[in-house]
Amino acid sequence: MKLHTADILVIFWLGLFTVSTVRGSVASQIVPRSSCVDLSTQQLDIRRLAKYEMQHIPVKAVMFITRRGIKICVQPDLKWVQDAIKFLEKRPVPRRPTTKPKSKPKSMPKGN
């Protein structure tokens, strides 16, 4: 059974089309690491918050991240949320303590 040149070209183009379609659809979608879908209605203690992230898709929300790493999504237009954002922006960024590398003791020249 022989494959004709036209058959080989059709198979080649179908394979190329399939690969480009799959690559394009997966690569063109940018998926955030975590996103807000459900919004909390409870007010949070702003002293326990470490940072925040704004989100516009799939819903408009503010994602607060606590010092323990818990992510909580809330409506951005609430008064306490705006106050919490201002509080976090005014807070100085904590720096990790820098440790100086230990210096090697200087070797004493041997006396002759």
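Fewest to most neighbouring Cβ within 10 Å: what's the order for E53, E89?
On the way: E53 15, E89 9.
The fewest-first ordering by Cβ neighbours comes to E89, E53.
Please list, ordered by chain and number, the residues whose modelled amide H lies under 5 Å from the amide H of K51; skip anything fewer than 5 residues away on the same chain.
I65
With the crude spin-label approximation of a point 7 Å out along Cα→Cβ, what separation in nm comes out for E89 versus Q75?
2.1
Residue-wise, which Karplus ³J(HN,Hα) couplings in Hz belong to the stretch 70-83, taking 6.51 cos²θ - 1.76 cosθ + 1.60, θ = phi - 60°, and x for glycine or proline?
In residue order, the calculated couplings are 7, 9, 10, 9, 9, 6, x, 8, 6, 4, 5, 5, 4, 5 Hz.
For the stretch 53-84, which trypsin sites (Lys or Arg not before Pro) are in a loop by DSSP, counting at most 16 other Cβ atoms within 10 Å?
On the way: sites: K60, R67, R68, K71, K79; in loops: K60, R67, R68.
Filter output for the stretch 53-84: K60, R67, R68.
Relative to a virtual label point 7 Å from the Cα of D38 in the Cα→beta-carbon direction, which members of the stretch 72-86 show backbone nitrogen distances below 12 Å?
Residues 73 qualify, since their backbone N sits under 12 Å from the label point.
Antiparallel versus total DSSP beta bridges in the stretch 35-92: what percent is that, nearest 5? Walk me through the intermediate numbers first.
Details: 10 of 11 bridges.
Percent antiparallel among DSSP bridges in the stretch 35-92 is about 90.
Each value in this text was obtained by applying a stated rule to the coordinates, not by laboratory testing. Here the structure is a predicted model, which is why all the values come from computation and not from measurement. Note that each Cβ is placed from the backbone with ideal geometry, even for glycine, and that neighbours are counted across all protein chains shown.
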